[in-house]
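Asks: Take this structure, written in structure tokens, and hold onto it; I'll ask about it next.
The values are calculated or read from the model by the stated rules, or taken from the named source; none is laboratory data. Please read these numbers as outputs of a predicted model, since none were measured by experiment. Cβ coordinates were reconstructed from backbone atoms using ideal geometry, including for glycine residues, and neighbour counts include every protein chain displayed. When the accessible area is computed, the model is the full protein with side chains, heavy atoms only, and any ligands, DNA or RNA have been set aside. Shrake-Rupley method; radii C 1.70, N 1.55, O 1.52, S 1.80 Å.
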Amino acid sequence: IIIVFDEFQEIRRLGCEDKLRAGIQRHGNNVAYLFSGSKKSILRRIFFDKAHAFYKSVKHITLKPINDQSWIDYIQKGFQKYQKQINPDQIRKILTISRGFPYYTQQIAYELFNITPDVCQDSYIQLALDLILEREEDLFLFEWENLSSNQKRAVKLLITSRGKNIYRKEIMEQFGLTNSTLKKAIEGLI
């Protein structure tokens, strides 16, 4: 038997790491476990911090990004299955926007599929993004409201600087941040 835990970092929120680890240890060699999740920093703590029940309990495998051609083939086949067309350049635009993250790539492709009657147009990509952003607005606002004031300033700094030269004195001063407060804010955001 193989048991898969997706978004395993949620175990921290549930507060049952010790109980789950104890249960897993009783299963012996008859059961294999696969733990996956999207929040790498939390997963690292769960599996590599001595203070946690799952410390050194797994073999760590880092998955490499899915290559563009695999995405192109996959998305085109999905469209073709329903007699719809999307060209490789449009899929590359999706990948540029999503940076290849599977969740975001699939979310954009899904919305694009839904608004494409038969042949995808370039303008549909922005429409799909607008639909996603509109639907997710409450989630974004919730996340924003839960950030500290330094984290909010750090986000604004990162957007304004496009992530380049973020520790330049002039940029940090513009947002009222120091080296240490910016570093701490970014660590919290990650």
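Asks: If SER161 meets every condition in (1) without any contact (Cβ under 8 Å) to a residue 12 or more places away in the chain; (2) over 24 Å from LYS39 (Cα atoms); (3) exposed (fewer than 15 other Cβ atoms within 10 Å of the Cβ) apart from one, which number is that one?
Replies: In the conditions (1) without any contact (Cβ under 8 Å) to a residue 12 or more places away in the chain; (2) over 24 Å from LYS39 (Cα atoms); (3) exposed (fewer than 15 other Cβ atoms within 10 Å of the Cβ), SER161 misses (3) alone.
Asks: Continuing with this model, one more query. LEU34 versus (1) of a type in the set (A, V, I, L, M, F, W, C); (2) more than 18 Å from PHE113 (Cβ to Cβ); (3) assigned to a helix (DSSP H, G or I): which is the lone unmet condition?
Replies: Only one criterion in (1) of a type in the set (A, V, I, L, M, F, W, C); (2) more than 18 Å from PHE113 (Cβ to Cβ); (3) assigned to a helix (DSSP H, G or I) is unmet by LEU34, namely (3).
Asks: Moving to a separate point now. Go through the stretch 67-128 and tell me which helices (runs of 4 or more DSSP H), entirely inside it, have 2 or more residues that are closer than 24 Å to GLY37 by Cβ, open to solvent by 50 Å² or more (accessible area, probe 1.4 Å) and in contact (Cβ under 8 Å) with a residue 12 or more places away in the chain.
Replies: Fully inside the stretch 67-128 and qualifying: 102-115.
Asks: In the stretch 53-66, which residue that is within 19 Å of the chain's Cα centre (by Cα) and of a type outside the set (D, E, K, R) is surrounded by the fewest Cβ atoms within 10 Å (Cβ to Cβ)?
Replies: Step by step, filter the stretch 53-66, then rank; the result is THR62.
Asks: Here's a follow-up. Could you check, for the stretch 12-29, whether at least one of its residues is touching a helix residue (DSSP H, G or I) at 6+ places or on another chain (Cβ under 8 Å), part of a loop (DSSP other than H, G, I, E, B) and of a type outside the set (Phe, Trp, Tyr)?
Replies: No, the stretch 12-29 contains no residue that is touching a helix residue (DSSP H, G or I) at 6+ places or on another chain (Cβ under 8 Å), part of a loop (DSSP other than H, G, I, E, B) and of a type outside the set (Phe, Trp, Tyr).
Asks: Checking LYS19 against (1) more than 24 Å from the chain's Cα centre (by Cα); (2) more than 27 Å from GLU136 (Cα to Cα); (3) in contact (Cβ under 8 Å) with a residue 12 or more places away in the chain, only one condition comes out false. Which one?
Replies: Condition not satisfied by LYS19: (3).
Asks: Of the residues that sit in the stretch 3-52 and are modelled with pLDDT of 85 or more and hydroxyl-bearing (Ser, Thr, Tyr), which one is surrounded by the most Cβ atoms within 10 Å (Cβ to Cβ)?
Replies: Across the stretch 3-52, the extreme among qualifying residues is TYR33.
Asks: Could you go through the stretch 47-59 and let me know if any residue there is within 28 Å of GLU136 (Cα to Cα) and either outside any helix (DSSP H, G or I) or basic (Lys, Arg) (or both).
Replies: No, the stretch 47-59 contains no residue that is within 28 Å of GLU136 (Cα to Cα) and either outside any helix (DSSP H, G or I) or basic (Lys, Arg) (or both).
Asks: Let me ask you something else. For the subset of the stretch 132-151 comprising residues that are over 19 Å from the mean Cα position of the chain (by Cα) and part of a helix (DSSP H, G or I), which member is surrounded by the fewest Cβ atoms within 10 Å (Cβ to Cβ)?
Replies: Looking at the filtered set, the residue picked out is GLU145.
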